[in-house]
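Trainee: I have a structure I would like to understand better, so I am pasting it below and will then ask my questions one at a time.
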Amino acid sequence: MNLDLSGKNALVCGSTQGIGKAVALELAQLGANVILLARDEEKLKSTLAELSVSAARRHRYLCSDFGDPADLRSKVEKLIAELQIIHILVNNTGGPAGGPALSAKSEEFVQTFSNHLLCNHLLVQVLAEGMKKAKYGRIINIISTSVKQPIKGLGVSNTIRAAVANWAKTLAGELGPFGVTVNNVLPGATLTGRLSSLLEAKAQKTALSLDQLKKDMLDEIPAGRFADPSEVAAAVAFLATPAAGYINGINVPVDGGRTMSL
């Protein structure tokens, strides 16, 4: 099985913490040159140092905020002018605040749509031509199991994640003939800062203890535990490799069996 990413350039969004950071580390271990993308430069420098220890590759970072698409495009275009090709794009953006769909403000939907779909699309438009010329491209979107089964209390996220999944499926058909695949990884409950913040917010609203909320959530997971970010990263990394060249346009739940749909 060919899992070697030597000579491949990988741009990983949201890569200073949680799943994004785990993905960056895993891709580096497989030999990729990793470009970290996030908005906190100090965290980028810290993560870059970890990559340098994990693999003797040429890694770098871009500091940009998805709240400023023009800056994002400018910096990625400069990167492409230098590197020519980014072979692997991992779209990963922090999710919106929880809450029911009915009470969500229109601006919340608009901002989330921009951060999760429009910025993803911007990156693909900038990078796709190089992938097509190389006849090798891997676009992997880290979304949520909500695209298969909406999650209670995450109205805005449920709505926009589904849009991203359908956008990705459409692109898979358009880019497949050029050796470029587009797939989605759907993490379940994973030990990240986002999980902690969602649980804490729910605890405040419901007056239930964090321990009880965690227990209720774990009761729904056949594996009986939360995922480690590295377990999600392993699925992402596999989809980035040559071995996954015939896998295109799919949603891959990494949720310990929680999602009750095929």
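The values are calculated or read from the model by the stated rules, or taken from the named source; none is laboratory data. Bear in mind the structure is a predicted one, so any value in this text is a computation, not a measurement. Cβ: placed from backbone, ideal geometry, glycine included. Neighbour counts: every protein chain shown.
To keep it simple, each residue is scored yes or no on (1) closer than 20 Å to H87 by Cα; (2) buried (at least 16 other Cβ atoms within 10 Å of the Cβ); (3) out of contact with any helix residue (DSSP H, G or I) (no Cβ under 9 Å at 6 or more places or on another chain).
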| residue | (1), (2), (3) |
| --- | --- |
| L5 | yes, yes, no |
| A22 | yes, yes, no |
| R58 | yes, no, yes |
| L62 | yes, yes, no |
| D65 | no, no, no |
| D68 | no, no, yes |
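Trainee: Show me the helices (runs of 4 or more DSSP H) entirely contained within the stretch 183-252 in which 1 or more residues are loosely packed, with under 13 Cβ neighbours inside 10 Å and of a type in the set (D, E).
Mentor: Result: 193-206, 210-218.
Trainee: Answer with yes or no whether E77 is among the charged types (D, E, K, R), surrounded by 16 or more Cβ atoms within 10 Å (Cβ to Cβ) and either out of contact with any helix residue (DSSP H, G or I) (no Cβ under 7 Å at 6 or more places or on another chain) or more than 18 Å from A240 (Cα to Cα) (or both).
Mentor: Against the criterion (among the charged types (D, E, K, R), surrounded by 16 or more Cβ atoms within 10 Å (Cβ to Cβ) and either out of contact with any helix residue (DSSP H, G or I) (no Cβ under 7 Å at 6 or more places or on another chain) or more than 18 Å from A240 (Cα to Cα) (or both)), E77 does not qualify.
Trainee: Follow-up. Take the conditions crowded, with 16+ Cβ neighbours inside 10 Å, in contact with a helix residue (DSSP H, G or I) (Cβ under 7 Å, 6 or more places away or on another chain), aliphatic (A, V, I, L, M) and farther than 21 Å from V252 by Cβ and apply them to L122. Does it pass?
Mentor: Here the answer is yes, as L122 does meet what is asked.
Trainee: Could you check, for the stretch 37-55, whether at least one of its residues is modelled with pLDDT of 95 or more, in contact with a helix residue (DSSP H, G or I) (Cβ under 9 Å, 6 or more places away or on another chain) and under 26 Å from A172 (Cα atoms)?
Mentor: yes
Trainee: With (1) within 17 Å of the chain's Cα centre (by Cα); (2) among the hydroxyl-bearing types (S, T, Y); (3) surrounded by fewer than 19 Cβ atoms within 10 Å (Cβ to Cβ) as the list, and S46 as the residue in question, which single condition is left unmet?
Mentor: Just one mismatch for S46, condition (1).
Trainee: Which fully enclosed helices (runs of 4 or more DSSP H) of the stretch 53-164 have 2 or more residues being of a type in the set (A, V, I, L, M, F, W, C) and free of Cβ contacts under 8 Å to residues at least 12 places away in the same chain?
Mentor: 69-83
Trainee: Looking only at the stretch 169-182, count every residue that is surrounded by 17 or more Cβ atoms within 10 Å (Cβ to Cβ) and in contact with a helix residue (DSSP H, G or I) (Cβ under 8 Å, 6 or more places away or on another chain) and tell me the total.
Mentor: 5
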